[in-house]
Amino acid sequence: MDVPGDAAEPQAPFDWTGAEARRRADAGLVRTLRPRPAEAEALDLAGNDYLGLTRHPDVTGAAAGAARRWGAGATGSRLVTGSTELHATLERELAAFCGFEAALVFSSGYAANLAALTALTARGSLVVSDAGNHASIVDGCRLSRADTEVVPHADPDAVRKTLAAHPGRRALVVSDSVFSVDGDAAPLAALAAACRSHGAALVVDDAHGLGVLGEGGRGAPHAAGLAGAPDVVATATLSKSLGSQGGAVLGPARVVDHLVNAARTFIFDTGLAPAAAGAALASLRLLRGRPELADRVRAVAAALHGRLTAAGLSAVRPDAAVVSVRAPSAAEAVRWAADCRAEGLAVGCFRPPSVPDGVSRLRLTARADLTEEQIAWAVATVVRTAPPTAAHLG
Ligand code: PMP
């Protein structure tokens with residue numbers, strides 16, 4: 001006898017994606033890819049080219065030169081054929097600039113974070129992770145076999161209590177130096193003190209700090225007096241201030257040696273493309289020669305924030321280059337960003353799942369190469385296109 005339902009057509013394997021797409025559309029959370037034209041059509045306050053170096057002729061020239069000399073791809077993993085002199089030079093100069101003993105470059109900052117979190121922990125280790133940490137840290141925690149305790153955002157007391165509750169465990173505390181959505185800085189000195197009183201290591205993701213914070217852009221660990229410490233490791237991306245692509249882990253030489261031998265995203269991933277290594281090295285050398293770039297990007301961020309708040313918008317005081325402006329809702333954030341875009345201003349729009357419900361944001365990024373006129377026009381555009389309720393968010 002037929003049972004109702006038996007006769008139902010079996011679902012094709014990816015039919016469920018339709019329901020997911022409808023759910024996203026109903027919530028106004030559909031994401032689409034829009035190719036960026038090569039020639040800027042809009043003033044870009046959405047990207048992460050904080051120092052304006054990605055199109056600098058020295059940087060693009062170095063990328064082209066490296067590709068010609070070493071090839072368009074690394075050809076293999078770093079341990080097989082993917083290491084060149086360029087990689088070694090970049091690692092040496094990056095470590096020296098940031099004040100660390102050694103550095104290791106990866107194909108992305110994402111891979112660098114996965115490496116640090118998986119290779120510096122073991123089953124039974126404790127990882128204490130800030131609730132606002134970047135997705136790559138969250139994924140690193142998941143991939144590690146450690147027990148992860150997520151603590152409230154920027155709360156060294158919570159870190160201390162969590163470490164105290166697990167005496168004798170191998171422990172690692174991990175935090176962004178600058179949080180990517182709100183642009184606020186982590187209390188690194190207090191986190192380091194908490195770590196030291198419990199024998200824990202500190203891993204700092206300096207993706208948004210390198211090139212922006214610290215003397216001449218040496219990064220947040222350097223600014224906090226933590227660079228080169230035996231118990232501190234930094235991770236970084238080559239894709240923001242350095243205008244290239246790739247990532248890095250910086251720390252004591254013995255930690256870097258360990259990563260070469262144990263980090264799966266190093267061992268089993270094709271090495272950083274020579275062009276990316278060459279471009280990052282050229283940017284690093286430009287930054288070294290022009291320490292005022294870091295001061296300038298922070299001044300631009302402060303100017304954006306000052307003018308936006310003076311106009312009544314709710315913006316988080318920036319500790320680095322990211323300026324976050326609160327939106328009344330996800331839908332209004334989307335509309336607001338689209339209105340800015342229509343006026344010729346590209347801004348970031350953060351909404352779930354990138355941020356929790358109820359805290360959707362426009363995200364403006366300062367750039368060292370913005371002129372006073374561009375800053376004034378960008379702020380006027382954001383204010384002019386603001387949803388009527390945005391000024392009342394407080
Ligand atoms: N950490 C943080 C805080 C980031 O913002 C990003 C990039 N969005 C990454 C890590 C990942 O770096 P990459 O883009 O080089 O993979």
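What follows is calculated from the coordinates using simple rules that are stated; it is not laboratory data. Quick caveat: nothing in here was measured; it's all calculated off a predicted structure. Heads up, the Cβs are rebuilt from the backbone with ideal geometry, glycines too, and the neighbour counts pull from every protein chain shown.
Observations on the model:
- 20 °C / 1.002 mPa s Stokes-Einstein diffusion coefficient of the chain, Kirkwood radius on C-alpha pairs, µm²/s: 97 µm²/s
- Segment 149-182 and segment 294-337 have Cα centres lying 27 Å from one another.
- Percent of beta bridges antiparallel (DSSP, the chain, rounded to nearest 5): 50 percent
- Restricting the calculation to Cα atoms, every distinct pair contributes to the Kirkwood radius of segment 223-330, found to be 16.9 Å.
- Calculated FRET efficiency for the pair GLU9/ALA253, C-beta based, R₀ 56 Å, to 0.05: 0.35
- Along its three principal directions, the equivalent ellipsoid of segment 57-289 from the Cα gyration tensor extends over semi-axes of 30, 19, 14 Å, largest first.
- The length gained on full extension between GLU41 and ALA27, counted as 0.36 nm times the residue separation minus their Cα-Cα distance, comes to 2.1 nm.
- Label point distance in nm, ALA165-THR75, each placed 7 Å from Cα along Cα→Cβ: 5.3 nm
- Counting every other Cβ atom within 10 Å of each residue's Cβ, THR235, THR265, THR81 order from fewest to most as THR81, THR265, THR235.
- Per-residue ellipticity at 222 nm, computed for the chain from helices alone with -39500 (n - 2.57) per DSSP H run of at least four residues, works out to -12000 deg cm²/dmol.
- For the peptides 152-161, 315-324, 239-248, the ranking by packing is 239-248, 315-324, 152-161, with the highest mean count of neighbouring Cβ atoms within 10 Å listed first.
- For segment 283-394, the Cα gyration tensor yields ellipsoid semi-axes of 26, 15, 13 Å (square root of five times each eigenvalue, largest first, whole Å).
- Centroid-to-centroid separation of segment 17-67 and segment 231-277 [C-alpha atoms, Å]: 23 Å
- Loop-resident sites, segment 1-76, for GluC sites (Glu not before Pro), counting at most 13 other Cβ within 10 Å (DSSP): GLU39, GLU41
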